[in-house]
1. (1) surrounded by 11 or more Cβ atoms within 10 Å (Cβ to Cβ); (2) over 30 Å from residue 212 (Cα atoms): which one isn't true of residue 118, the others all being true?
2. Exactly one of (1) in a helix (DSSP H, G or I); (2) surrounded by 13 or more Cβ atoms within 10 Å (Cβ to Cβ); (3) in the same structural domain as residue 46 (by the TED database) is unmet by residue 132. Its number?
3. Taking the range 108-127 as the search range and keeping residues that are assigned to a helix (DSSP H, G or I) and under 20 Å from the mean Cα position of the chain (by Cα), which one is farthest from residue 39 (Cα to Cα)?
4. For residue 11, are the conditions met, namely being modelled with pLDDT under 95, outside any loop (DSSP other than H, G, I, E, B) and either closer than 27 Å to residue 128 by Cβ or out of contact with any strand residue (DSSP E or B) (no Cβ under 6 Å at 6 or more places or on another chain) (or both)?
5. Can you tell me which residue among 27, 67, 40, 105 is at negative phi, in a strand (DSSP E or B), modelled with pLDDT of 95 or more and touching a helix residue (DSSP H, G or I) at 6+ places or on another chain (Cβ under 6 Å)?
6. Take the range 163-182 and flag every residue that is in a helix (DSSP H, G or I) and either free of Cβ contacts under 8 Å to residues at least 40 places away in the same chain or within 14 Å of residue 23 (Cα to Cα) (or both).
7. Among (1) assigned to a loop (DSSP other than H, G, I, E, B); (2) surrounded by fewer than 17 Cβ atoms within 10 Å (Cβ to Cβ); (3) in contact (Cβ under 8 Å) with a residue 12 or more places away in the chain, where does residue 144 come up short?
8. Only one of these conditions is not met by residue 40: (1) more than 18 Å from residue 206 (Cβ to Cβ); (2) crowded, with 18+ Cβ neighbours inside 10 Å; (3) within 25 Å of the chain's Cα centre (by Cα). Which number is it?
């Protein structure tokens, strides 16, 4: 007699490799979106050199403090000015094949983040005038790209599907519309643009380019 409460043993699904009669198409999908920036991140450096490590540090500290005071005077909160690197390294010259100590170099890198991105050129000029002697990078970015990132991923998936459909059509095989595996391959990226003039540093904000790349597997046949 059939027992309605009797359970049927679970049969786990076999991996794709266990079904040699099923074939797959593997494709890459790509997409990108460009959005205007809403902030700029500038990395400035103060580098000093002296045979005395104490004097090199003292001089560096004085110049760095002056740069920070200048930046604060431009309306940038102190919390948006951060030290990202501080290094002391001995420097040597080679004289007649011999290594000869020259001086200690102290390098202090400051990261400045501000939404006043149209002031980027002025920020650099005044920071250099105050004592910064290195401009490491200028990067335009956006604070929140979640919505745009999701949209780029959707477009990348659609791009992959179009490629898979084209391949399946050329092979005269049916394509299963739902992919069996999707793997995200990339993270959002930013492409700033920098232009310099002779009289004053002119910075033109570029667009933030958000790229998405996915690898997708489809069953065919």
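1. Failed condition: (2).
2. Checking residue 132 against (1) in a helix (DSSP H, G or I); (2) surrounded by 13 or more Cβ atoms within 10 Å (Cβ to Cβ); (3) in the same structural domain as residue 46 (by the TED database), the one that fails is (1).
3. Checking each candidate, the answer is 120.
4. No: the conditions fail for residue 11.
5. 27
6. Within the range 163-182, 164, 165, 166, 167, 168, 169, 170, 171 meet the criteria.
7. For residue 144, the exception is condition (3).
8. Here residue 40 meets the rest and fails (1).
The values are calculated or read from the model by the stated rules, or taken from the named source; none is laboratory data. This structure is a prediction, so every number in the text was calculated from the model and none was measured. Quick reminder, even Gly has a Cβ in these numbers, built from the backbone with ideal geometry, and neighbours come from all protein chains shown.
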